[in-house]
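The values are calculated or read from the model by the stated rules, or taken from the named source; none is laboratory data. Note that the structure is a prediction, hence the values are computed from the model and not measured. Every residue, glycine as well, gets a Cβ built from its backbone with ideal geometry; the counts of neighbours run over all protein chains shown. Side chains are part of the model used for accessible areas, which takes the heavy atoms of the whole protein and leaves out ligands, DNA and RNA. Shrake-Rupley method; radii C 1.70, N 1.55, O 1.52, S 1.80 Å.
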Amino acid sequence: MRGLTVLPSGRPGRGRLYVNLPDGRAVAWYDRQTNRISVLADQHREAVLAALRPYLGGAWTIGPPPVPTRTELRRLALPPDEDLAPNRPGETLLGELAHGSAGARTRHRLRQELTAQQRTGDLLDALEADGWRVVHCIPLRALGRLDHLLIGPAGVFCIRSLPCRRQRAVVGDLLLGVGRADPRPDPRWIRRAASAATRTLGATATPSLALVDASRVDVAPTVRDILVLEPATAAAALASSPPTLKPPDVEGLFALARDARTWQGR
């Protein structure tokens, strides 16, 4: 059959590939996470394989769509405008830099924050192959935007990324100091964000600070509830954490977290 088109969905390189007829109706999709091709009508099987062949890698399976789980039904019913999963790291900052203030000092600060969020976000996105899921730029009522929400075998983590500009970072109970700049209330903020996420998702969220390009990190001995991450060791630290969630729990929480309506009123 001629005229089949392959269209991606979700974040580039990670979402599904849909195979559509010329009139726009989908006849199959390829799930790149499970390497499975689901065909809605068997008469299109060979044409679907021909269309998808350039995208296939490794061992793959093909067959009718599996019976959807409750989590999948929730995702299928999610309006595209309410789906936070396609958000890129620093999505909000990209918009501010493109359309916001023209002040040189403000733009310099925004670019530093964007770089920190992108570095952390790329690191977190790379964990998806190990069963982790991440949502970037989540709007929290009365708190602003949460940079990253990470959900995986070791639990739920609310993460704020901070540029340290190759200076010493000191994490205290209430304030974070970077170099000679005035201390910031990031420890208090991330605790409040984690509390909001815990109430919303019904699962304990760990407050976390990702310190990017710090020359040295000192954490006060009284800070026991905040996880401090650095790019060089973050993946190993998360992988070594004791597992608390099973894969179905991870997918269920991810389906809830990616829905913008979940966070309205929180």
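Report yes if Thr34 is surrounded by 16 or more Cβ atoms within 10 Å (Cβ to Cβ), within 30 Å of Gln117 (Cα to Cα) and of a type in the set (Ser, Thr, Tyr), otherwise no. For Thr34, the condition - surrounded by 16 or more Cβ atoms within 10 Å (Cβ to Cβ), within 30 Å of Gln117 (Cα to Cα) and of a type in the set (Ser, Thr, Tyr) - is not met.
Within the stretch 250-263, residues that are open to solvent by 30 Å² or more (accessible area, probe 1.4 Å) sit with their Cβ atoms under 7 Å from residues that are part of a helix (DSSP H, G or I) and acidic (Asp, Glu), at 6+ positions apart or across chains, in these pairs: Arg261/Glu82. Remark: Ala50 falls outside the filter, which requires a residue to be surrounded by 11 or more Cβ atoms within 10 Å (Cβ to Cβ), hydrophobic (A, V, I, L, M, F, W, C) and part of a loop (DSSP other than H, G, I, E, B). Picking from residues in the stretch 105-128 that are without any contact (Cβ under 8 Å) to a residue 40 or more places away in the chain and open to solvent by 30 Å² or more (accessible area, probe 1.4 Å), the one that is farthest from Thr262 (Cα to Cα) is Arg105. Inclusion of Pro139 among residues that are surrounded by fewer than 21 Cβ atoms within 10 Å (Cβ to Cβ) and within 23 Å of His108 (Cα to Cα) is not warranted.
Residues of the stretch 87-104 that are in a helix (DSSP H, G or I) and open to solvent by 40 Å² or more (accessible area, probe 1.4 Å): Glu91, Thr92, Leu94, Glu96, Ala98, His99, Ala104. If you go through the stretch 149-196 and keep only what is of a type in the set (A, V, I, L, M) and modelled with pLDDT under 95, you end up with just Ala181.
Rundown of residues vs (1) under 22 Å from Asn35 (Cα atoms); (2) touching a Pro at 6+ places or on another chain (Cβ under 7 Å), yes/no style:
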| site | (1), (2) |
| --- | --- |
| Val67 | yes, no |
| Gly121 | no, yes |
| Glu128 | yes, no |
| Arg133 | yes, no |
| Leu146 | no, no |
| Ile159 | no, no |
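In the stretch 214-249, which residues are in contact with a helix residue (DSSP H, G or I) (Cβ under 9 Å, 6 or more places away or on another chain), open to solvent by 60 Å² or more (accessible area, probe 1.4 Å) and under 16 Å from Ala197 (Cα atoms)? If the condition is that a residue be in contact with a helix residue (DSSP H, G or I) (Cβ under 9 Å, 6 or more places away or on another chain), open to solvent by 60 Å² or more (accessible area, probe 1.4 Å) and under 16 Å from Ala197 (Cα atoms), then Asp225 is the only one that fits.
Checked against (1) without any contact (Cβ under 8 Å) to a residue 24 or more places away in the chain; (2) among the small types (Gly, Ala, Ser); (3) open to solvent by less than 60 Å² (accessible area, probe 1.4 Å), Ser208 passes all but a single condition, namely (1).
Against the definition (closer than 27 Å to Asp81 by Cβ, open to solvent by less than 30 Å² (accessible area, probe 1.4 Å) and either in contact with a His (Cβ under 7 Å, 6 or more places away or on another chain) or free of Cβ contacts under 8 Å to residues at least 40 places away in the same chain (or both)), how does Ile151 come out, yes or no? For Ile151, the condition - closer than 27 Å to Asp81 by Cβ, open to solvent by less than 30 Å² (accessible area, probe 1.4 Å) and either in contact with a His (Cβ under 7 Å, 6 or more places away or on another chain) or free of Cβ contacts under 8 Å to residues at least 40 places away in the same chain (or both) - is not met. For the stretch 154-178, which positions are closer than 20 Å to Ala232 by Cβ, among the β-branched types (Val, Ile, Thr) and open to solvent by less than 20 Å² (accessible area, probe 1.4 Å)? Correct list: Ile159, Val171, Val178.
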